[in-house]
Amino acid sequence: MVNLGFSIGDLHFKNPVLTASGTFGYGPEFDDFLDVSRLGGIVVKGTTLEPREGNLYPRMAETPSGMLNAVGLQNKGIDYFEKNIYPSISGYDTNIIVNINGSYVDDYVTLAERINTLDKIPAVELNISCPNVKMGGMAFGTNLDSAREVTRAVRAAYSKILIVKLSPNVTNIVDFAKVVEEEGADSISLINTILGMSIDVEKMRPALSTITGGLSGPAIKPVALRMVWQVAKAVKIPVIGMGGIMTTSDALEFLLAGASAVQIGTASFIDPQASIKILEGIEKYLIEKGFSEIKEIVGYINRTK
């Protein structure tokens, strides 16, 4: 037997494979493809106070080794989530994490307070890093003072596990990691998408209605891996790595670099069973290498020469 479990504070996860917000819906969308309860956790679609229509179409574009998205946090708001989504997903035997988004600090605080009352939601992922909304989101994630302010405010209002999702679109990712740790984050997840753009040369216009959007997929993995490695060495709280993880090998790189867990995102669009396949691959790797616990390989490259 291999122990795949890890913990964030007093919250235990059965294994280190989670799904990334915005790529897995709310969970039921994947019920026909896999047993969602086998995963360590699911981070559900980004949630806001009020319903959002998102950006105008086109808002997704394929790029070499990746994709651009400018969905714009389309969702039906927290009221709808509480009344319609929460009852349908609370039966999953895994950790359900809600990704929360706002235009103002008070939005984040109110959302956190609402979710704090939901017994089956043990954690939130504070999204201060979304590159495809016109207000909030990325503004908080690319300014140290703003990142500090919103993390401090949510921490004061929220009593459960607080994960802060960082933006890669900054000069020094470590500075932001240290700030949110200082303000009470229990864990850090990174990276969100990288700001990019694409042009349709036949139509002679941008491929996205918003011109720019968030780049995800294999193209960003080396950048994501480097940032996870930097942050994991700089903070004492668990780090959750993501960004271009398509295979077991990709996930293992993040674990070896210092991530305690990984989130699977774009890969689920290509193969709905990607997260389970990666989970099985990690377990097989540990057995073949003679490890008995997942924590034995977390940050392994930093302990060996």
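On a full-extension model of 0.36 nm per residue, what is the gain between Met197 and Val223, subtracting their alpha-carbon distance, rounded to one decimal in nm?
7.6 nm
Label points 7 Å out from Cα along the Cβ direction at Lys178 and Asp32: separation in nm?
If labels sit at Lys178 and Asp32, their model points lie 5.0 nm apart.
Multiplying the sequence separation of Leu118 and Glu288 by 0.36 nm and subtracting their Cα-Cα distance, what value in nm do you get?
57.1 nm
Where the convex hull is taken over the Cα atoms of the chain, what is its projected area averaged over directions, in nm²?
Averaging across all directions leaves 15.2 nm² for the Cα convex hull.
Given a cut-off of 19 Å, name the pairs among Lys221/Lys289; Lys165/Lys236; Lys165/Lys277; Lys160/Lys221; Lys45/Lys120; Lys221/Lys295 whose C-alpha atoms lie farther apart than that in the structure shown.
Pairs exceeding 19 Å: Lys221/Lys289; Lys165/Lys277; Lys160/Lys221; Lys221/Lys295.
What aspartates and glutamates sit close enough to Lys83 to cross-link, taking a C-alpha to C-alpha distance under 15 Å and skipping anything fewer than 8 places away on the same chain?
Glu50, Asp119
Note the full-extension length gain between Ile301 and Asn143 as 0.36 nm times their separation in residues minus their Cα-Cα distance, in nm to one decimal.
Residue separation times 0.36 nm, minus the Cα-Cα distance, leaves 53.8 nm.
For Ile194, what residues show an amide H to amide H distance below 5 Å, using hydrogens built from the backbone and excluding near sequence neighbours?
The list, which skips near neighbours in sequence, is Leu215.
Considering only Asn172, Asn99, Asn84, give the residue with the highest GNM mean-square fluctuation for the chain, with springs between Cα atoms whenever their separation is below 10 Å.
With Cα springs under 10 Å in the chain, the top fluctuation among Asn172, Asn99, Asn84 is at Asn84.
Which whole-number percent gives the relative contact order of the range 206-250, counting Cα pairs below 8 Å spaced six or more residues apart?
Once divided by the residue count of the range 206-250, the mean separation gives 45 percent.
Using a Förster distance of 51 Å, how high is the FRET efficiency between Leu56 and His12, based on the Cβ-Cβ distance and rounded to 0.05?
That gives a FRET efficiency of 0.75.
When only Cα pairs under 8 Å and 6 or more residues apart are kept, what is the percent relative contact order across the chain?
With pairs under 8 Å counted, the relative contact order is 20 percent.
Give the Rg/Rh ratio for the range 110-216, taking Rg as the radius of gyration of the Cα atoms and Rh as the Kirkwood radius, to two decimals.
Over the Cα atoms of the range 110-216, Rg/Rh equals 1.07.
When DSSP beta bridges are limited to those with both residues in the range 6-303, what percentage is antiparallel, rounded to the nearest 5?
40 percent
Can you give the relative contact order of the range 206-296 as a percent, counting alpha carbon pairs under 8 Å and 6+ residues apart?
24 percent
Apply the a/c threshold of 1.5 to the C-alpha gyration tensor of the range 43-172 and tell me whether it is rounded, prolate or oblate.
oblate
When the chain is modelled as a GNM with alpha-carbon springs shorter than 10 Å, which of Asp200, Asp35, Asp107 fluctuates the most?
Looking only at Asp200, Asp35, Asp107, the biggest GNM fluctuation is shown by Asp200.
FYI, it's all coordinate maths here, none of it is from the lab. What you see is a predicted model, and the numbers here were worked out from it, not measured in a lab. Positions of Cβ are backbone-derived with ideal geometry, glycine not excepted, and every protein chain shown enters the neighbour counts.
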